[in-house]
Amino acid sequence: MATEIRVPTLGESVSEATIAQWFKQPGEAVNADEPLVELETDKVTVEVPAPTSGTLEAIIAKEGETVEVGALLGQLAEGAVAAAAAPAAAKEEPAKAEEAPKAEAAAAVEVTVPSAGESVTEAEVGEWSVKVGDVVKEDDILVELETDKAAQEVPSPVAGTVIEIAVETGATVEPGNLLCKIAPGAGAAVPAAAPAKAAAATPAPAASAPATSMPPAPSAAKMLAEKGIAADQVAGSGKRGQVLKGDVIAAAAAGIAQQAAPAAAPVAARAPSNPSDEVREERVRMTKLRQTIARRLKDAQNTAAMLTTYNEVDMKPIMDLRKQYKDVFEKKHGVKLGFMGFFTKAVTHALKEIPAINAEIDGTDVIYKNYAHIGVAVGTPKGLVVPVVRDADQMSIAEIEKEIGRLGVMARDGKLGMAEMTGGTFTISNGGVYGSLMSSPILNAPQSGILGMHKIQERPVAVNGQVVIRPMMYLALSYDHRIVDGKEAVTFLVRVKESLEDPQRLVLDL
């Protein structure tokens, strides 16, 4: 019986992909969930696993071809693995002396790196919570993995004893890589060779590190030639540093052109510190999350024509409204009435009037979003993350406050996943909670706008010809001038100000 292998769903806005490479050839045996083929889109690379064990019978779509979602890639003949594996098993018969260790290893449960989303291809091993010989319960946390999006805790699948740790803290691993082995049962014996295996396994990540010189994906190579850009001038975001089509688009937007001149001069090495200062320094490796934050912020500056416009808002109407209804609101909805609900609602109203700020540039196209997924920047001990309140334009202030509270708890606990942090169309950043009076926020690419909130501070202002003291807040809107005109940006910020100074406008949808 033949099983069809087809192109899986690749995301809402992705309808086609390019065959990057086949990992198996016709006639080769495969196991269930073993990667068969790698697909490359303009955003990510995706591995298509075998739906069942068997033998690859035919390859329909060749490497380099462009295929649509649902297209037939190949066919898998089921039930042929056992026959294919028989000769290998026969060859292993002389090694009967190893049968006991093999049986013991088979009894152990292997803990591997879980999948963290389509666009996450590697993670960094954080601190281990256990060591070889420790007894663990089911769901006990074994180790924390850190990706460029979030931290992820790996629980124990069974109760038992840790008999091997395959990778050390700081190693880079990919989904499916072995993390450790657990022997079921609290009294399981730890093999004497286990510590040695763990130590020997540590150089493995370093050995795989140089494998970043993969050739560009087929569609990326074609676009590199068309735009006259050298492959070594583009930072690849694909697996093992592979340059994808989206990387080339971003590089072209940043104005990178092929240079016939000698290669760029290497970055100057850090000047050595004074010997008396070195003993007081501490060198700490940047986390994956911090590296990604640094790269994305710099990419946003290099790519977008970023500009910031400012205004100020009188917070007294909102503060009076909160004071009057905060107890009733909390009693009815089970959540405190904060400022973020008002600001998010004011932003969604303004986005309807100025849709360019809710859009993004994709190559030579502008994608207008008929929905508002608002990212709310949250500071955590490990860095800044931006969980997304989806369809905020369709939510009440109470629903927004509940969702922001839920996402904030997940962020602080390191529980955010890809589903909570992707797809945002606009971002709100509140530096005021840290005391910031004025700042210019950086865009969260590929979004075209970000609103910066700041500290509420009493200041003298003129109201109806009289100088009065009011609680004022500076607002800052950073926007991509390639798609948003100055008039649109100023109008957007004025609409937000009007909604906050006259909350009835939010109720009446004005």
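Odds and ends about this structure:
- Search result, residues across the stretch 128-180 that are surrounded by 21 or more Cβ atoms within 10 Å (Cβ to Cβ) and aromatic (Phe, Trp, Tyr): none
One line per residue, one yes/no per condition, for (1) aromatic (Phe, Trp, Tyr); (2) more than 16 Å from residue 341 (Cβ to Cβ); (3) without any contact (Cβ under 8 Å) to a residue 24 or more places away in the chain; (4) in a helix (DSSP H, G or I):
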{"site": "398", "(1), (2), (3), (4)": "no, no, no, yes"}
{"site": "401", "(1), (2), (3), (4)": "no, no, no, yes"}
{"site": "405", "(1), (2), (3), (4)": "no, no, no, yes"}
{"site": "414", "(1), (2), (3), (4)": "no, yes, no, no"}
{"site": "420", "(1), (2), (3), (4)": "no, yes, no, yes"}
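- Single condition residue 139 does not satisfy, out of (1) at negative phi; (2) at pLDDT 60 or above; (3) not in a strand (DSSP E or B): (1)
- Residues being of a type in the set (Ser, Thr, Tyr) and touching a Ser or Thr at 6+ places or on another chain (Cβ under 8 Å) - total across the stretch 427-442: 1
- Restricting attention to the stretch 315-342 and to residues that are β-branched (Val, Ile, Thr) and assigned to a helix (DSSP H, G or I), the residue that is farthest from residue 498 (Cα to Cα) turns out to be 328.
Yes or no, residue by residue, for (1) under 21 Å from the mean Cα position of the chain (by Cα); (2) assigned to a strand (DSSP E or B); (3) not basic (Lys, Arg):
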{"site": "351", "(1), (2), (3)": "no, no, yes"}
{"site": "408", "(1), (2), (3)": "yes, no, yes"}
{"site": "411", "(1), (2), (3)": "yes, no, yes"}
{"site": "428", "(1), (2), (3)": "yes, yes, yes"}
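Results for (1) aliphatic (A, V, I, L, M); (2) out of contact with any His (no Cβ under 8 Å at 6 or more places or on another chain); (3) modelled with pLDDT of 75 or more, shown as yes or no for each residue.
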site: 257; (1), (2), (3): yes, yes, no
site: 260; (1), (2), (3): yes, yes, no
site: 264; (1), (2), (3): yes, yes, no
site: 270; (1), (2), (3): no, yes, no
site: 277; (1), (2), (3): no, yes, yes
site: 283; (1), (2), (3): no, yes, yes
site: 287; (1), (2), (3): no, yes, no
site: 297; (1), (2), (3): yes, yes, yes
site: 306; (1), (2), (3): yes, no, yes
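- Residue within the stretch 323-331 that is assigned by TED's automatic domain parsing to the domain that holds residue 491, out of contact with any strand residue (DSSP E or B) (no Cβ under 7 Å at 6 or more places or on another chain) and within 18 Å of residue 481 (Cα to Cα) present: no
The values are calculated or read from the model by the stated rules, or taken from the named source; none is laboratory data. Everything numeric in this text was worked out from a predicted model, so none of it was measured. A quick note on method: Cβ atoms are made from the backbone with ideal geometry, for glycine too, and the neighbour counts reach across all protein chains shown.
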